[in-house]
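Chemist: To start, I am sharing the structure in question, which I have written as C-alpha cells.
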Amino acid sequence: MLYSEKVMEHFNNPRNVGVIENADGMGEVGNPVCGDIMKITFKVDADEKLEDVKFQTLGCGAAIATSSIVTEMAKGMTLEEAAAITKQQVADELGGLPPAKMHCSVLATDGLKVAVDDYLTKARSRADIGRDQVCRPELRPHSDEDHAAEHEEACDI
C-alpha cells in the first residue's frame with residue numbers, strides 16, 4: 001500500500017496532537033471494523049470560528065494522518081464550514097488515500113461533526129442563548145436514525 005508524501009509527513013509529524021482543556025466541543029468516534037479510535041476537541045472564538053483544534057487518535061498511519069490534516073483544515077473555519085468537510089476533501093488534501101484506507105478520512109470528519117454537535121448541544125443548554133441561535137439541523141449531520149431522533153427531540157422539531 002503506497003501512501004503519498006503528505007500522508008507520510010502527517011503520520012510521522014502529526015499536527016495539533018493533544019486535548020484542549022475546557023474545550024467548547026468534543027467528539028469521540030471509532031471504527032469497529034478496524035479498531036481505530038479518534039477524539040477531537042476545539043475552542044471557538046467570538047465569531048463562532050474554530051480557533052484551536054486538537055486530536056488524539058489510536059489507529060493506523062492513515063487514521064493519524066487524516067486526523068492531523070482535518071485539524072489543520074478546520075482551524076479558522078466557521079462551525080458550518082467545519083461540519084461540511086468531506087472525506088473526499090480530506091483525501092484530496094493529503095494527495096490521495098488508498099481505497100482500503102478511505103474509511104480513515106470518514107473517522108476524522110465524523111469526529112469533527114460529533115464535536116460540532118457537542119458544541120451546539122452545550123450552547124443550547126446555556127440559558128443566555130436562544131433556540132434559534134443554536135438549534136441548526138444543517139450542522140448536525142447524523143448517520144443513524146436513533147441519533148437524528150435524539151436531535152429532533154432535543155430541539156423540539
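The values are calculated or read from the model by the stated rules, or taken from the named source; none is laboratory data. As the structure is a computational prediction, the values presented were derived from the model and not from experiment. In this analysis, Cβ positions are derived from the backbone assuming ideal geometry, glycine residues included, and neighbour counts consider all displayed protein chains.
Chemist: Can you confirm whether residue 70 is within 11 Å of residue 112 (Cβ to Cβ), in contact with a Phe, Trp or Tyr (Cβ under 9 Å, 6 or more places away or on another chain), modelled with pLDDT of 95 or more and surrounded by 17 or more Cβ atoms within 10 Å (Cβ to Cβ)?
Modeler: Yes; evaluated as a whole, the condition is true for this residue.
Chemist: Here are some conditions: (1) at pLDDT 95 or above; (2) buried (at least 20 other Cβ atoms within 10 Å of the Cβ). Residue 62 meets all but one. Which one does it not meet?
Modeler: (1)
To keep it simple, each residue is scored yes or no on (1) touching a residue at least 12 places away in the same chain (Cβ under 8 Å); (2) among the hydrophobic types (A, V, I, L, M, F, W, C).
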residue: 32; (1), (2): no, no
residue: 69; (1), (2): yes, yes
residue: 87; (1), (2): yes, no
residue: 90; (1), (2): yes, yes
residue: 110; (1), (2): yes, no
residue: 113; (1), (2): yes, no
residue: 116; (1), (2): yes, yes
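Chemist: Moving on to the next point. Of all residues in the range 36-53, which are closer than 13 Å to residue 108 by Cα and either touching a residue at least 60 places away in the same chain (Cβ under 8 Å) or surrounded by fewer than 19 Cβ atoms within 10 Å (Cβ to Cβ) (or both)?
Modeler: 36, 37, 38, 39, 40, 41
Chemist: Residues in the range 1-25 that are in a helix (DSSP H, G or I) and more than 23 Å from residue 115 (Cα to Cα): how many?
Modeler: Going through the range 1-25 one residue at a time, the tally reaches 6.
Chemist: Which one is farthest from residue 42 (Cα to Cα), of the residues in the range 11-30 that are surrounded by fewer than 14 Cβ atoms within 10 Å (Cβ to Cβ) and of a type in the set (S, T, N, Q)?
Modeler: 12
Chemist: Then there's this: Look at residue 93 and say whether it is acidic (Asp, Glu), modelled with pLDDT of 90 or more and under 12 Å from the mean Cα position of the chain (by Cα).
Modeler: Working: acidic (Asp, Glu): yes; modelled with pLDDT of 90 or more: yes; under 12 Å from the mean Cα position of the chain (by Cα): no.
For residue 93, the condition - acidic (Asp, Glu), modelled with pLDDT of 90 or more and under 12 Å from the mean Cα position of the chain (by Cα) - is not met.
Chemist: Test residue 33 against the stated conditions and say whether it is surrounded by fewer than 16 Cβ atoms within 10 Å (Cβ to Cβ) and within 26 Å of residue 97 (Cα to Cα).
Modeler: Yes: the conditions hold for residue 33.
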